[in-house]
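In what follows, a structure is listed as structure tokens, so that the remarks can point back to it.
The values are calculated or read from the model by the stated rules, or taken from the named source; none is laboratory data. The structure displayed is predicted, hence computed values, not measured ones. Using ideal geometry, Cβ is built from the backbone for each residue, glycine included, and neighbour counts are taken over all protein chains shown. Calculation scope for accessible area: heavy atoms of the full protein, side chains included, ligands and nucleic acids excluded. Shrake-Rupley method; radii C 1.70, N 1.55, O 1.52, S 1.80 Å.
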Amino acid sequence: MQSTLDRITQMRLFRTRKVYYFYNPNTLTYERVYPSAKDRFFAVLKHLSSGILIGTTVFFVFMYSFRSPVEVLLKKENHLLQTQYDILSLRLDEALSVLDDIQQRDENLYRVIFQARNIPESVRKSGFGGTNRYAYLMNLSNSDLVMETTKKMDMLSKQLYIQSNSLEELFAMGKDLEKRSQCVPAIQPVSNKHLKHMASGYGMRIDPIYRTLRFHSGMDFSAPVGTDIYATGDGTVIYSGWKQAYGNCIIIDHGFDFKTLYAHQSKNLVVAGQKVTRGEIIGKVGNTGKSTGPHLHYEVLLRNQPDNPAKYYYRDLGPEEYDTMIQLAENHGQVMD
């Protein structure tokens, strides 16, 4: 038993401050052991691995258990930004709602008063081209909210630009209001105070020759040959001569998108290029062209499209007379041309 213990003691290594010794029974002394490079490498690697493992474990424990002041601050800022985006989105909705109300007034009131062209809904509400316009925002946190808010902002900006141009156009029309009021056709083309000369109105009527239903683009005023015909607004004569089916015909350009046509005259008293004023005599009633009796065929063209002339007699008829004239004009009988 003792010899075994001696043998174990003789071969035992011990370490003192990383210095290794072993007992030499031959010399009865402890001799220092110098580890090989391989032993030193693996010893360092073992300690290094242990340190890395412990450090990594501690790092993740702290990372998931405790938040740094910077992280806490960033989280608060992110929450604040999201709240601000929510508020901004609501304000944009309110602004778009107010702008929509302004647009409705613009279309249904202001532009009607000035008889200006409507702005199509497709132009007012048009979007922006390109499917990847907001692609750069897709990688942000809360990207849906950010993209939706940005879209609303772009839409508001574009609609404000269109509405601003519309108001500038109406403002320019307002400045020319006095001149415009003199040019818009606003009286009857023949003296018809008692409405005795009203023959047929605007709309679908029976053709007197072909006996078929067709669209009548003006109003007919029956009157004796030689009855005076008046310009219904200030303007410039752009045509005076013979026109197929219309006979002797005069066309006046009043500006502001208005023109008037006077047909079947016995005599034209103005020439092309001549300036005329409202109430000026421009011709005489006749029976020329496609006509079944002496009368004046009168048309109002707005943007080169026929418009109901009955809408424009507000200068020489009172309310009761105007109402009576409208009723007479709405008859669906036969026309004279």
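One table, with the values for the structure above:
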read-out	value
Residue within segment 165-183 that is touching a helix residue (DSSP H, G or I) at 6+ places or on another chain (Cβ under 6 Å) and either free of Cβ contacts under 8 Å to residues at least 60 places away in the same chain or aromatic (Phe, Trp, Tyr) (or both) present	no
Tabulated pairs, segment 213-240, first among the basic types (Lys, Arg), second open to solvent by 10 Å² or more (accessible area, probe 1.4 Å), C-beta under 9 angstrom, 6+ apart or interchain	Arg214/Met204; Arg214/Ile206
Answer from Lys275, Lys284 - the residue that is out of contact with any Phe, Trp or Tyr (no Cβ under 6 Å at 6 or more places or on another chain), crowded, with 19+ Cβ neighbours inside 10 Å, without any contact (Cβ under 8 Å) to a residue 60 or more places away in the chain and among the basic types (Lys, Arg)	Lys284
Sole residue being acidic (Asp, Glu) and farther than 24 Å from Leu302 by Cα, chosen from Asp176, Asp154	Asp154
Selection count, segment 175-194, where residues are open to solvent by less than 20 Å² (accessible area, probe 1.4 Å), farther than 21 Å from Gln115 by Cα and either part of a helix (DSSP H, G or I) or of a type in the set (S, T, N, Q) (or both)	1
Qualifying residue in segment 81-92 (condition: under 17 Å from the mean Cα position of the chain (by Cα) and either surrounded by 16 or more Cβ atoms within 10 Å (Cβ to Cβ) or among the aliphatic types (A, V, I, L, M) (or both))	yes
Output for segment 249-260, where each listed residue is touching a Gly at 6+ places or on another chain (Cβ under 7 Å) and either free of Cβ contacts under 8 Å to residues at least 12 places away in the same chain or surrounded by fewer than 20 Cβ atoms within 10 Å (Cβ to Cβ) (or both)	Asp253, Gly255
